[in-house]
1. Mind ranking 398-406, 233-241 by how tightly packed they are, going by the mean number of other C-beta atoms within 10 angstrom, highest first?
2. Tell me the per residue accessible area of the range 132-287 using a 1.4 Å probe; a whole number in Å² is fine.
3. Can you work out the Karplus-derived ³J(HN,Hα) for every residue in the range 205-210? Use 6.51 cos²θ - 1.76 cosθ + 1.60 with θ = phi - 60°, whole Hz, and x for glycine or proline.
4. List every residue whose amide H lies under 5 Å from the amide H of residue 175, counting only residues 5 or more places away in sequence or on a different chain, with H placed 1.01 Å from N in the peptide plane.
5. Could you please report the charge total around residue 354, scoring K, R as +1 and D, E as -1 over all other residues with beta-carbon less than 15 angstrom from its beta-carbon?
6. Past 26 Å, Cα to Cα, is the threshold; run 193/248; 117/179; 117/217 against it and keep the listed order.
7. Protein chains only, probe 1.4 Å: how do 75, 439 rank by accessible area, largest first?
8. Gain in length, residue 317 to residue 427, computed as 0.36 nm per residue apart minus the alpha-carbon separation, to one decimal in nm?
Amino acid sequence: MEEKSKISLLFSSSVLLLLFSLSAAVSNPLQLQTLLLRPLPSAPTLSWTDAEPEPESDSLVEISELNAVSSNTTLEMHLELHHLDAFSSEETPERLFDLRLQRDALRAETIYSLVSKAVARNRPRAPGRPGFSSSIISGLAQGSGEYFTRLGLGTPPRYLYMVLDTGSDVVWVQCSPCKNCYSQSDPIFDPTKSRSFSGIPCGSPLCRSLDSSGCNKRRMCLYQVSYGDGSVTFGDFSTETLTFRRTKVGRVALGCGHDNEGLFVGAAGLLGLGRGRLSFPTQAGRRFNRKFSYCLVDRSASSNPSSMIFGDAAIPRTAVFTPLLTNPKLDTFYYVELLGISVGGTRVRGITPSLFKMDPAGNGGVIIDSGTSVTRLTRPAYIAMRDAFRIRASNLKRAPDFSLFDTCFDLSGKTSVKVPTVVLHFRGADVSLPATNYLIPVDSSGTFCFAFAGTMSGLSIIGNIQQQSFRVAFDSAGSRIGFAPRGCA
């Protein structure tokens with residue numbers, strides 16, 4: 001009789017455990033979404049119609065001093081963005097993708113190097129020109145950004161392609177006469193043909209705002225920007241008028257590079273969009289209310305261009321916001337607080353806020369970056385996330401690793417599949433990624449890979465593949481970053 005009671009009790013316990021498990025499964029069902037399988041995109045066609053020069057009497061935004069403009073009226077400005085692949089002579093989608101991953105690896109390595117040097121506060125002195133105590137360590141050469149726009153430089157405006165980069169501050173462009181200039185798609189800018197070009201005296205606040213400044217024989221300011229791969233641009237630090245379609249912004253401090261050596265690509269220069277003192281958003285901050293946003297399209301799904309907006313219109317009503325954090329040792333990057341990640345509707349165990357925390361010295365943390373393609377997560381977080389995704393996607397046929405991706409699937413012969421959802425939990429903002437933002441094609445044979453990677457660095461980077469189709473809003477006035485889904489329309 002006692003044995004029967006034990007068996008009955010054991011059976012009852014098993015039933016209760018089973019019911020509890022079923023209840024947990026019902027309360028946390030596996031959340032899936034449909035991934036439409038599209039091929040690797042080919043190189044986009046580069047076509048652009050330059051705006052007509054504006055009449056001389058039109059109003060001009062004048063930047064009168066760092067972070068100040070001469071009018072209290074705020075403007076709005078809309079730009080088209082295009083992917084760097086449009087400059088490539090490569091014909092196959094596979095080769096384009098391979099080059100993108102090469103640029104991506106270089107950029108990630110350089111970001112980690114920049115942050116570690118800034119935190120250590122003992123940057124090595126790079127070989128410089130006479131008058132330079134050190135070089136400006138900024139920008140990322142071949143990995144300096146994946147998107148560019150077309151803008152007018154000077155008066156009358158000469159239209160040029162410029163890479164836009166949230167990971168750089170200094171604005172610069174190639175100028176004649178050229179000691180060394182790389183090949184670009186437009187004629188090199190000649191400052192002697194612009195009525196608005198002006199040199200900056202050595203003793204001015206603008207010159208002193210450089211990390212390091214030099215002087216020529218006429219006591220005018222010189223700049224030098226060095227890159228992680230050894231590339232360098234050097235020349236006159238000056239002010240000039242920029243024309244964005246029909247909006248003109250005057251007295252923008254920029255480098256006029258007469259000696260540009262290294263692994264630069266196609267565009268005439270770089271428009272720095274970082275948080276530093278010399279970036280374009282900081283210089284023109286009050287005129288555009290210190291707000292800008294971009295929406296990067298998935299080129300395999302849409303022929304529409306990506307876009308960027310400056311001003312109040314940059315902040316979408318549908319956005320969810322997370323606070324901006326500041327690295328005390330490095331003001332260029334946009335830091336945010338990532339608290340956790342969900343896969344298939346369940347928070348991933350082992351991914352805690354401490355894995356993404358920035359310490360008081362500036363180590364660690366998470367940045368949002370337009371120029372990095374693949375999101376890098378600090379390795380313990382990546383492994384936990386990857387393993388959770390593998391378990392929940394066990395119905396998909398695995399494929400060999402590809403490049404930096406260690407979780408790939410053979411989806412050949414299919415037009416769509418169901419995949420686990422992925423949600424990034426920022427402080428105050430849950431960002432649910434479309435399936436195309438984390439399972440991407442890597443060849444023409446139907447191989448798709450989980451588009452995240454691990455890093456031994458403590459710094460995590462949210463890349464542009466994960467940002468696709470969101471309008472990502474940088475509201476420095478409100479010290480926040482917003483994410484609005486389906487924001488490219």
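1. Most protected by this proxy first, the peptides run 233-241, 398-406.
2. 32
3. Per-residue couplings from phi come out as x, 4, 5, 5, 6, 5 Hz.
4. Residues meeting the amide H criterion: 257, 258.
5. Result for the neighbourhood of residue 354: +3.
6. The answer is 117/179; 117/217.
7. 75, 439
8. The span from residue 317 to residue 427 would gain 37.8 nm if fully extended.
The values are calculated or read from the model by the stated rules, or taken from the named source; none is laboratory data. Keep in mind the model is a prediction, meaning the values are calculated, not measured. In this analysis, Cβ positions are derived from the backbone assuming ideal geometry, glycine residues included, and neighbour counts consider all displayed protein chains. With ligands, DNA and RNA removed, areas are computed over all heavy atoms of the protein, side chains included. Shrake-Rupley method; radii C 1.70, N 1.55, O 1.52, S 1.80 Å.
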